[in-house]
Amino acid sequence: MSGIVGRPSLRPVVTRIVNLLPEEQQCAVWHWIDHEKHETKRRAVSRIGEGANAVTYSLRGFDEHRCIFVHIPKAAGVSVAMALFGNLAGGHDDARDYRKVFGRDFWRYFKFTFVRNPYTRLVSAYEFLRRGGHPAWRTDQRFRDDVLSEYADFPDFVLRWLKPGTDWPEHFRAQHEFVELGGRLVMDFVGRIENIEADFATVSDRLGIQARLQRLNPTAEKHGTLREYYSSDAVERRVREVYARDFELFGYPVRPPI
């Protein structure tokens, strides 16, 4: 079966059939189809970059602690992963990725994530990539040079580039897309960066890990305020439109916290 579905012409047909199954069964089927690849990923330790800029990824901590951490970009994920697992775990893989890798264990493990107010997250992502992103990922620098350089400032970027359906980097991807399956939130715990200390303590206690959270991979927003970024109603409306589901699902106010 795994050899058959590996043929590109048959993959869409198999996908449509599997998607008719309940989510729990889909996990098991997808895991079985590419069993060897998924089991290898669960055991692997990978390293990207060189010297001080190198980063390490491994899912071994997930199996060790029977948990799955979905790291939403620009929502303290680097700090959380390093504190709990000593590496970046699965990077920015989402729930759909993990259900294939872990199969039935996806539903047995404690699944958690951290989210952030869409207004502040968008500014953080913009400033992070405007400064070149992470030095280990050249795609970050290319996005800055090829895309962000075309816009005068944050409002210009939002109004002319940020549109529903845009093929954007994962840093701008809506948060709900990382943690929903079939339109349903599948996390057991959703922490908030606005309540990071208490929510991280809840997670570490649940996993039985004594860990200290450090602020890693921060983005230096200008002047520490959002007022200059959201100086027009048009920019606010665009953000509410693009991230409407995030505001609804996570209960964030529809006006910027300024």
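The values are calculated or read from the model by the stated rules, or taken from the named source; none is laboratory data. The structure presented is a predicted model; accordingly, all values stated were derived computationally and were not measured. Please note: Cβ atoms are built from the backbone with ideal geometry, for glycine as well, and neighbour counts cover all protein chains shown.
Within the option set Arg255, Arg192, Arg238, Arg227, being farther than 23 Å from Ala95 by Cα, crowded, with 17+ Cβ neighbours inside 10 Å and either out of contact with any Ser or Thr (no Cβ under 9 Å at 6 or more places or on another chain) or modelled with pLDDT under 90 (or both) holds for one residue only, Arg238.
Of the helices (runs of 4 or more DSSP H) contained entirely in the range 7-107, those carrying at least 2 residues that are within 24 Å of Glu197 (Cα to Cα) and of a type in the set (A, V, I, L, M, F, W, C) fall at 77-85. For the range 109-119, the set of residues classified as in a loop (DSSP other than H, G, I, E, B) and either at pLDDT below 95 or among the charged types (D, E, K, R) (or both) consists of Arg116 only. Within the range 120-133, being buried (at least 18 other Cβ atoms within 10 Å of the Cβ) and either outside any helix (DSSP H, G or I) or among the β-branched types (Val, Ile, Thr) (or both) holds for Thr120, Val123, Gly133.
For the range 47-62, the criterion of being β-branched (Val, Ile, Thr), surrounded by 14 or more Cβ atoms within 10 Å (Cβ to Cβ) and at pLDDT 90 or above is met by at least one residue.
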